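Working notes, structure below.
The values are calculated or read from the model by the stated rules, or taken from the named source; none is laboratory data. It should be emphasised that the depicted structure is a prediction, and the values quoted were computed from it without experimental measurement. Note: ideal-geometry Cβ built from the backbone for every residue, glycine included; neighbour counts use all protein chains shown.
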Amino acid sequence: MFRRIALSFACFLVFVLPGSAQDRWSVEKAAAWGKKQPWLVGCNFIPSNAINQLEMWQKDSFDPKIVDNELQWANDFGFNCMRVFLHDLAWHDDPVGFKKRVNEYLAISAKHKIRTIFVLFDDCWNPGPKLGKQPEPLPGVHNSGWVQGPGVVIVNDPAKREWPRLENYVHDMLAAFGKDDRILLWDLYNEPGNSGQNQKSLPLLKEVVRWARKANPEQPLSVGLWFQNATLNDYQLSVSDVITFHNYHDAQQLKSEIQSLRKHGRPLICTEYMARKQNSRFETHLPLFREMNVGAINWGFVAGKTNTIYPWNSPRGTPEPKEWFHDILRADGTPFSQKEVSAIKKATGKE
């Protein structure tokens, strides 16, 4: 989902380095977890009526009927997992109500035999998230209303004034749902360093990992690889129980990255792929993912207010492209491409 910038207590006498590799699952534990899973396949899910994470989760705009309808379509495709973005502001505004809505979402997804990867923070797109009514989409503009969480002002604040609130958010969510088997994995921070942040997001990222480890959920933790920054990548690999990554390239490059990541001996899940204009396609990629037993979660499902049928950096007023960038279905459930739907169902065994 990123704007393309570059390829990728001390406690008494016991001292533990927080957020380090020694805290993460062993290779053996991670491998055992992986063997219990089916082949994981699904998409990044935001309902078509929501322009961003806040519109999805706020009380006035959360729509379980649309969620139910669209997750039924996902089940029809054979999808068994979804990656879903949360937002700290939605929790901060109404912690009890927010968790009730998350639980309602999980009940709906479980009904459709779909498990969830939740994302807690995000460095992508608009830097100033605000509660309340969200803006309408800018015609033709990819992800015109998507918001960062918590946003660069908070991430870069030298006084770290809002960070205790963020810690409470992490602890509360993982305390509430850290033993919930409807949740597959916690993706702690989407694309840290995006939006020109680079290593400026690393201090908060390290704290997020420390907070999550302290909460000790039963599900694995991960911070996905997404571009070539050695410092960030090395840290992300060192703290992830299961390795997640993004790849919007052709099948040859995808296979090369999978082979490189295999050396770590941990389960692999590609948590973002499928950009048609980048030659990242269902027909070519799903058979490869299945053959190599790598989880496959594409970007986009039902075309809607996120405008992700348009390419990255599309100017305002761009007409609907003949070939969509992301997404699979129109809001009425008809597919962009029946050929693609057949390829998906063939891969998942739903054909």
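The strands (runs of 3 or more DSSP E) falling completely within region 217-309 that include 2 or more residues that are at pLDDT 95 or above, under 27 Å from ALA50 (Cα atoms) and hydrophobic (A, V, I, L, M, F, W, C) map to 268-272, 295-299. Filtering region 81-119 to residues that are closer than 19 Å to THR348 by Cα and out of contact with any Ser or Thr (no Cβ under 8 Å at 6 or more places or on another chain) leaves ALA110, LYS111, HIS112, LYS113, ILE114.
A Cβ distance below 8 Å, combined with a sequence gap of six or more or placement on separate chains, defines the contacts here; from region 29-45, residues that are farther than 18 Å from ALA296 by Cβ reach no residue that is part of a helix (DSSP H, G or I) and among the charged types (D, E, K, R).
Test GLU104 against the stated conditions and say whether it is in a helix (DSSP H, G or I), crowded, with 20+ Cβ neighbours inside 10 Å and either in contact with a Gly (Cβ under 6 Å, 6 or more places away or on another chain) or of a type outside the set (Val, Ile, Thr) (or both).
Taking the combined requirement at face value, the residue does not satisfy it.
Residues that are at pLDDT 95 or above, surrounded by fewer than 16 Cβ atoms within 10 Å (Cβ to Cβ) and β-branched (Val, Ile, Thr) do not occur anywhere in region 73-93. Answer yes or no: is there a residue in region 123-141 that is hydrophobic (A, V, I, L, M, F, W, C) and assigned to a helix (DSSP H, G or I). For region 123-141, residues hydrophobic (A, V, I, L, M, F, W, C) and assigned to a helix (DSSP H, G or I): absent. Of the residues making up region 146-175, those that are crowded, with 16+ Cβ neighbours inside 10 Å and either over 28 Å from ARG115 (Cα atoms) or among the small types (Gly, Ala, Ser) (or both) are GLY149, GLY151, VAL152, ILE154, VAL155, GLU162, TRP163. Sub-8 Å Cβ pairs linking a first residue in region 50-61 that is part of a loop (DSSP other than H, G, I, E, B) to a second residue that is of a type in the set (Phe, Trp, Tyr) and modelled with pLDDT of 95 or more, at least 6 apart or interchain, are ILE51/TRP146; ASN52/TRP146, ordered by first then second residue.
Figure legend. Inter-residue proximity from region 225-238: first residues within 12 Å of ASN198 (Cα to Cα), second residues among the acidic types (Asp, Glu) and surrounded by 23 or more Cβ atoms within 10 Å (Cβ to Cβ), beta-carbon distance below 7 Å, spacing 6+ or different chains. Indicated pairs: TRP226/GLU191. Considering THR334, THR318, THR306, which residue is surrounded by 24 or more Cβ atoms within 10 Å (Cβ to Cβ) and farther than 30 Å from LYS29 by Cα? After applying the criteria, what remains is THR306. When the residues of region 29-49 are filtered to those that are under 20 Å from GLY349 (Cβ atoms) and not in a loop (DSSP other than H, G, I, E, B), the one that is nearest to the chain's Cα centre (by Cα) is CYS43.
Just one residue in the set ASN103, ASN80 is farther than 22 Å from GLY333 by Cβ and either under 20 Å from the mean Cα position of the chain (by Cα) or among the small types (Gly, Ala, Ser) (or both); that residue is ASN103. Within region 176-207, the set of residues being over 23 Å from LEU40 (Cβ atoms) and buried (at least 22 other Cβ atoms within 10 Å of the Cβ) comprises GLY193, SER201, LEU204, LEU205.
Each row is one residue, and each column tells you yes or no for (1) of a type in the set (A, V, I, L, M); (2) over 24 Å from GLY224 (Cβ atoms); (3) touching a helix residue (DSSP H, G or I) at 6+ places or on another chain (Cβ under 8 Å).
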{"position": "PHE62", "(1), (2), (3)": "no, yes, yes"}
{"position": "ASN69", "(1), (2), (3)": "no, yes, no"}
{"position": "LYS100", "(1), (2), (3)": "no, yes, no"}
{"position": "ILE108", "(1), (2), (3)": "yes, yes, yes"}
{"position": "VAL119", "(1), (2), (3)": "yes, no, no"}
{"position": "TRP125", "(1), (2), (3)": "no, no, no"}
{"position": "GLY132", "(1), (2), (3)": "no, yes, no"}
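Would you check if there is a residue in region 260-280 being under 28 Å from ALA32 (Cα atoms), over 21 Å from the mean Cα position of the chain (by Cα), surrounded by fewer than 22 Cβ atoms within 10 Å (Cβ to Cβ) and among the polar types (S, T, N, Q)? Within region 260-280, one or more residues are under 28 Å from ALA32 (Cα atoms), over 21 Å from the mean Cα position of the chain (by Cα), surrounded by fewer than 22 Cβ atoms within 10 Å (Cβ to Cβ) and among the polar types (S, T, N, Q). Across region 127-145, the qualifying residues are those that are of a type in the set (Gly, Ala, Ser) and surrounded by 16 or more Cβ atoms within 10 Å (Cβ to Cβ), and the one among them that is farthest from the chain's Cα centre (by Cα) is GLY140.
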